[in-house]
Protein chains: 2
Amino acid sequence: MTISRIGKLVVVGVGLIGGSFALALKRSGAAGTVVGVGRSRGNLDAAQRRGIVDRSFALDQTWTAELADADLVLLATPVGQMRSLFAAMAQHLGPRTVVTDAGSTKQDVIAVARECLGSALPRFVPGHPIAGTEHSGSVAAFDALFRDKHVVLTPLAETDPEALARVADCWTRCGAVVRKLDAARHDAIFAAVSHLPHVLAFALVAEVAARPDADECFAFAGSGFRDFTRLASGHSGMWRDVCLANRDALRRDLVSYRDELERVETLLAAADGDGLLRLFERARAIRDGWLERQSGGEEV
Amino acid sequence: MTISRIGKLVVVGVGLIGGSFALALKRSGAAGTVVGVGRSRGNLDAAQRRGIVDRSFALDQTWTAELADADLVLLATPVGQMRSLFAAMAQHLGPRTVVTDAGSTKQDVIAVARECLGSALPRFVPGHPIAGTEHSGSVAAFDALFRDKHVVLTPLAETDPEALARVADCWTRCGAVVRKLDAARHDAIFAAVSHLPHVLAFALVAEVAARPDADECFAFAGSGFRDFTRLASGHSGMWRDVCLANRDALRRDLVSYRDELERVETLLAAADGDGLLRLFERARAIRDGWLERQSGGEEV
């Protein structure tokens, strides 16, 4: 079953992630028909024009009739929408249909899957591709998005090994490196390295915009500010959902981060140049070492 | 005098900024001989091999003898070194030698120039190119670094208009867009859009590195984390100096930023999805508008 072709793929949420997954599988020859499902007719039409999907349904149409003979369903919507999607799908999934998702948080998605999927739960494989750009919508999709990127799968105790293998195989065909992780560990790690930086970027833009001299600040802001705030151009609704879903871990990390900033303020107040230099040198060495390990090979 | 060639340019600190300035002026035909001065013999030799400088002196050599017939001297060292450089230079500058700098803070550099330069003060033009990468040293220099980037000049009341014009002309020949600004305004603006983001990036790397699960966090950190923390690979000593020089403005901005983070924590604690969405949408719209204005034309 692993290597078998995905004769029919249903993608719910044909945005950057869902659209790129469909494109990559189509181009690799691994997927036959792709059915797109989404909220916005305009986005679906654009996806069809680009050859990402073969046909498409708005959420208020009878899309669930497409599920019975689907080999794989990918949910690539903001995580806040997954409860109603699982609920709508549960009764319509075929006996061999595997379901996966691309949500940035995993414990919340697993919880609603447990509530809604019933006997189909073993064929649900929770996933999270660690890839993206600050752009969204099917127009932003491209087939190389996942190449050499990590995809984290967080299977449940009851997950069917064949379902897991099928999903892992699809991501491998997208060029990704698949890793398994416990869902709680996933959420703790990504609170620190993804959700927190997003919040910090949104907050900095808001903070600068609230200044009386905001116009002048933006007029002189350069490439450092641009890169630092790139995450603040991300999909607002998606990040709202992520922050709510992972809010306990995120709040803990925000508190730790504010403590770290308070330590910097203490160094500044004391004009402690040696202390600042130690902090900056340590951070630089750690980041440069990290970059080197990354470029040295993704297969860690 | 404005359009006249820089027969002899002395660059003190032949790193990313100083080296790129020399390269850009040489390639444009605006500069003749370039003399490099710096702390590290290895860096100067590399600069000479790359054709950035024609000859070079370590700081413990008799480099000040090169100043009398220099048309322009650029100080492109960390700002903490400028007091001793001005003091060493003051007695050796020729009557027509113009001095400028590339420091990221301006009030502190102006203060030490006032202390040290004596009658040469009117020929000092404080400057700050808003360009850079996270790399440093003469190996990182390239002649297009300043193309379409802002260079801020913060002349004093007593600055000679011809000296100002000469420096502005050189930056224009590097492809930059020259703007004038009051030094105090400069420091307030760059605390917000440059110095604060650098501190935030250093602090995030330090914070993640201090976690018990740091290795796992770095193993899964993706391109968002990479871009967000790019500034943390900047030159540690330079940023130590900047933070000390501009510490009052930076401390004020750090306090405001921590308040902003506290507001986010309150929204998270209340699971206020609408409040989070409003914040994220506002930040996204502001950033995207800013990017659009930037690409619409630098000449604002």
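Scan the stretch A:159-215 for residues that are in a helix (DSSP H, G or I) and among the basic types (Lys, Arg) and jot them down. Please lay out each step first, then the result.
Let us first name the residues in the stretch A:159-215 that are in a helix (DSSP H, G or I), namely A:161-173, A:183-209, A:214-215.
Selection gives A:166, A:173, A:185.
Name the pairs: first residue in the stretch A:142-158 and in the same structural domain as residue A:108 (by TED's automatic domain parsing) and among the acidic types (Asp, Glu), second residue surrounded by fewer than 19 Cβ atoms within 10 Å (Cβ to Cβ) and assigned to a loop (DSSP other than H, G, I, E, B), Cβ to Cβ under 9 Å, at least 6 apart or on different chains?
Partner pairs satisfying both residue conditions: A:143/A:28; A:143/A:175; A:148/A:175; A:148/A:298.
Look at residue B:259 and say whether it is under 19 Å from residue A:251 (Cβ atoms), under 31 Å from the mean Cα position of the chain (by Cα), more than 7 Å from chain A (Cβ to nearest Cβ) and part of a helix (DSSP H, G or I).
yes
Of all the helices (runs of 4 or more DSSP H) wholly in the stretch B:1-103, which have at least 3 residues that are in contact (Cβ under 8 Å) with a residue 60 or more places away in the chain? Explain how you work it out, then say what you get.
On the way: elements: B:16-27, B:41-49, B:82-89.
Those helices (runs of 4 or more DSSP H) span B:16-27, B:41-49.
Starting from the stretch B:201-217, keep only residues that are more than 7 Å from every other protein chain (Cβ to nearest Cβ), then list their pairs with residues that are buried (at least 18 other Cβ atoms within 10 Å of the Cβ) and not charged (D, E, K, R) whose Cβ atoms are within a distance under 8 Å, requiring at least 6 positions of separation or different chains.
Taking only residues 6 or more apart or on different chains, the pairs are B:214/B:208.
Which one is farthest from residue B:256 (Cα to Cα) among residues in the stretch A:282-300 that are in contact with a Lys or Arg (Cβ under 9 Å, 6 or more places away or on another chain) and in a helix (DSSP H, G or I)?
Initially, the stretch A:282-300 is screened for residues in contact with a Lys or Arg (Cβ under 9 Å, 6 or more places away or on another chain), giving A:287, A:290-291, A:294, A:298, A:300.
Right, trim to in a helix (DSSP H, G or I) and you get A:287, A:290-291, A:294.
Details: A:287: 27, A:290: 31, A:291: 31, A:294: 35 Å.
Only one residue fits best here, namely A:294.
What single numbered condition from (1) farther than 18 Å from residue B:231 by Cβ; (2) assigned to a helix (DSSP H, G or I); (3) in contact with a Leu (Cβ under 8 Å, 6 or more places away or on another chain); (4) within 7 Å of chain B (Cβ to nearest Cβ) fails to hold for residue A:271?
Every listed condition holds for residue A:271 apart from (2).
Could you please let me know if residue B:154 is surrounded by fewer than 18 Cβ atoms within 10 Å (Cβ to Cβ), polar (S, T, N, Q) and within 22 Å of residue A:222 (Cβ to Cβ)? I'd like the intermediate steps shown before the answer.
On the way: surrounded by fewer than 18 Cβ atoms within 10 Å (Cβ to Cβ): no; polar (S, T, N, Q): yes; within 22 Å of residue A:222 (Cβ to Cβ): yes.
Here the answer is no, as residue B:154 does not meet what is asked.
Report, by residue number, each residue of the stretch A:241-251 that is surrounded by fewer than 24 Cβ atoms within 10 Å (Cβ to Cβ) and at the interface with chain B (Cβ under 7 Å from one of its Cβ atoms).
So the first thing to find is which residues in the stretch A:241-251 are surrounded by fewer than 24 Cβ atoms within 10 Å (Cβ to Cβ), and the list is A:244, A:247-249, A:251.
Once the filter is applied, which keeps residues that are surrounded by fewer than 24 Cβ atoms within 10 Å (Cβ to Cβ) and at the interface with chain B (Cβ under 7 Å from one of its Cβ atoms), the stretch A:241-251 yields A:244, A:247, A:251.
Out of everything in the stretch B:86-109 that is surrounded by fewer than 21 Cβ atoms within 10 Å (Cβ to Cβ) and out of contact with any Asp or Glu (no Cβ under 9 Å at 6 or more places or on another chain), what residue ends up being nearest to residue B:15 (Cα to Cα)?
Only one residue tops the list, namely B:88.
Quick one: would you say residue B:227 is part of a helix (DSSP H, G or I), free of Cβ contacts under 8 Å to residues at least 12 places away in the same chain and more than 7 Å from chain A (Cβ to nearest Cβ)?
Values: part of a helix (DSSP H, G or I): yes; free of Cβ contacts under 8 Å to residues at least 12 places away in the same chain: yes; more than 7 Å from chain A (Cβ to nearest Cβ): no.
For residue B:227, the condition - part of a helix (DSSP H, G or I), free of Cβ contacts under 8 Å to residues at least 12 places away in the same chain and more than 7 Å from chain A (Cβ to nearest Cβ) - is not met.
The values are calculated or read from the model by the stated rules, or taken from the named source; none is laboratory data. Since the model is a prediction, treat every value here as computed from it, not as a measurement. Heads up, the Cβs are rebuilt from the backbone with ideal geometry, glycines too, and the neighbour counts pull from every protein chain shown.
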